[in-house]
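**Q** Attaching a single structure in structure tokens format; questions to follow.
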Amino acid sequence: MKTALIENVINNDELFFMYNQITSTSMWNVNALSSSVQEETWDKKFNKAPNMLVKYENEINHSAFYFWGKTIIYRIKEILKKDNVGINSNIARMWFNITYSDNNNHWLHKDTDDSNITSVVLFLTPVWNPEWKGSFYVDGEKFDFKSGSAIIFNSNEYHMGEAPEKNTNGWLRLSCNILLEQNIK
């Protein structure tokens, strides 16, 4: 699949509501582990940053956010169908990530080596100024942080986010990473 940017997947009213719901929950961690890793190697692979793991494999940690994410995937699937592009809709992993100025939490990586898995990154901060930076890169291609947008790409592509460079006036760079696998039959 060619990397795609879909704008306005989430409207402003929904963005403000979900931003407040997501950032005000008490389920945040600061270890940036999106899956289980060996205890002795986690510090070599991951930086510390606020994250909230919603779903991993068969474990759902926050049902309401999982169901919301599932509706977003169905919304994206309908948008892509108009261009004769299909995506899987089974969520293998879903997590929220926060970055802020001077938070060096982004690194070049792949979500998986499996070419059958698709990554979706949602930009969930309702107010964002382009001067704050916070772009997202997939295989060297730059995608500006645009509120309510989604980037869809193959999970085995190298990608990374960019930390905001300026004071964001209290707005956290909130994103959601969802991995889609083939539907279980």
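**Q** Condition test on TRP132, is it out of contact with any strand residue (DSSP E or B) (no Cβ under 8 Å at 6 or more places or on another chain), of a type in the set (A, V, I, L, M, F, W, C) and under 18 Å from THR23 (Cβ atoms)?
**A** no
**Q** Between a residue in region 116-145 that is over 22 Å from LYS70 (Cα atoms) and any residue that is among the β-branched types (Val, Ile, Thr) and outside any strand (DSSP E or B), which pairs come within a Cβ distance under 6 Å, given they are 6 or more apart or on different chains?
**A** TRP132/THR168; VAL138/THR3
**Q** Here's a follow-up. Considering only region 80-169, give the strands (runs of 3 or more DSSP E) lying wholly within it that have at least 1 residues that are in contact with a Lys or Arg (Cβ under 9 Å, 6 or more places away or on another chain) and either at negative phi or at pLDDT 95 or above (or both).
**A** 90-99, 118-123, 136-138, 150-154, 159-161
**Q** Given the conditions (1) surrounded by 15 or more Cβ atoms within 10 Å (Cβ to Cβ); (2) in contact with a His (Cβ under 8 Å, 6 or more places away or on another chain); (3) under 15 Å from ASN51 (Cβ atoms), which single one is not true for HIS109?
**A** Checking HIS109 against (1) surrounded by 15 or more Cβ atoms within 10 Å (Cβ to Cβ); (2) in contact with a His (Cβ under 8 Å, 6 or more places away or on another chain); (3) under 15 Å from ASN51 (Cβ atoms), the one that fails is (1).
The values are calculated or read from the model by the stated rules, or taken from the named source; none is laboratory data. These figures come from a predicted structure and were not determined experimentally. Cβ atoms come from the backbone with ideal geometry, glycine included; neighbour counts cover every protein chain shown.
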